[in-house]
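Scroll down for the structure; my scribbles are underneath it.
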Amino acid sequence: MFTFFIFSVDCLYKENFPLASLPLLGYTLSLPSEEENMKKGNIFKLSFKAHIYFFRAENDYLFKRWLEAIGTATHVNI
């Protein structure tokens, strides 16, 4: 089973329609720290207070595109 996310105007939508959304205002975009021990590549992290989400892109190209798009919404450049 796959989970799909749709990025639209500063918000992530889960699935093909907005069953759940994650407004990105106030979130911080970063890469996982070594202490978080992520074994795979192309992972980025979104965090806000106690809420932490990890996302993994399928390849390097998509990873860079996700960072650009979400970085724009959160006003962070990695």
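The values are calculated or read from the model by the stated rules, or taken from the named source; none is laboratory data. This one's a predicted model, so the numbers in the text were calculated from it and none came from an experiment. Counting neighbours? That spans all protein chains shown, and the Cβs are built from the backbone with ideal geometry, glycine included. The area values use the complete protein model at the heavy-atom level, side chains included, leaving out ligands, DNA and RNA. Shrake-Rupley method; radii C 1.70, N 1.55, O 1.52, S 1.80 Å.
Can you give the accessible area per residue of the chain, in Å², using a 1.4 Å probe?
Heavy-atom accessible area per residue stands at 75 Å².
Take every Cα pair under 8 Å in the chain that's 6+ residues apart, average their separations, divide by the length, and report that relative contact order as a whole percent.
Normalised by residue count, the contact order of the chain is 24 percent.
At 0.36 nm per residue, minus the direct Cα-Cα distance, what do GLU68 and ALA20 gain on full extension? Give it in nm, one decimal, please.
Here the answer is 15.1 nm.
Which is the longest stretch in the chain that no exposed loop site breaks, taking sites as trypsin sites (Lys or Arg not before Pro) with a DSSP loop state and at most 10 other Cβ atoms within 10 Å? Write down the numbers at each step before the final one.
Numbers: sites that count: LYS39, LYS40, LYS49.
Counting at most 10 other Cβ atoms within 10 Å as exposed, the longest clean stretch of the chain is 1-38.
Would you please classify the overall shape of region 34-78 from the alpha carbon gyration tensor, given that a ≥ b ≥ c denote the square roots of the eigenvalues, rounded means a/c under 1.5, and beyond that prolate means a/b larger than b/c while oblate covers the rest?
oblate
In the chain, carbon and sulfur make up what percent of the accessible area (probe 1.4 Å)?
Accessible surface attributable to carbon and sulfur in the chain totals 56 percent.
Points 7 angstrom from Cα along the Cβ direction at ASP60 and PHE7: gap in nanometres?
Distance between label points: 1.9 nm.
Charges at C-beta only: +1 for Lys and Arg, -1 for Asp and Glu. How large is the resulting dipole of region 1-70 about its Cα centre, in Debye rounded to 20?
Dipole about the Cα centre, nearest 20: 80 debye.
Suppose only helical runs count, i.e. DSSP H with n ≥ 4. What mean residue ellipticity at 222 nm does that imply for the chain under -39500 (n - 2.57) per run, divided by all residues and rounded to the nearest 500 deg cm²/dmol?
Taken over the chain, the calculation gives -6500 deg cm²/dmol.
Taking a ≥ b ≥ c as the square roots of the eigenvalues of the Cα gyration tensor of the chain, is the shape rounded (a/c under 1.5), prolate (a/b larger than b/c) or oblate?
Note, shape of the chain comes out rounded.
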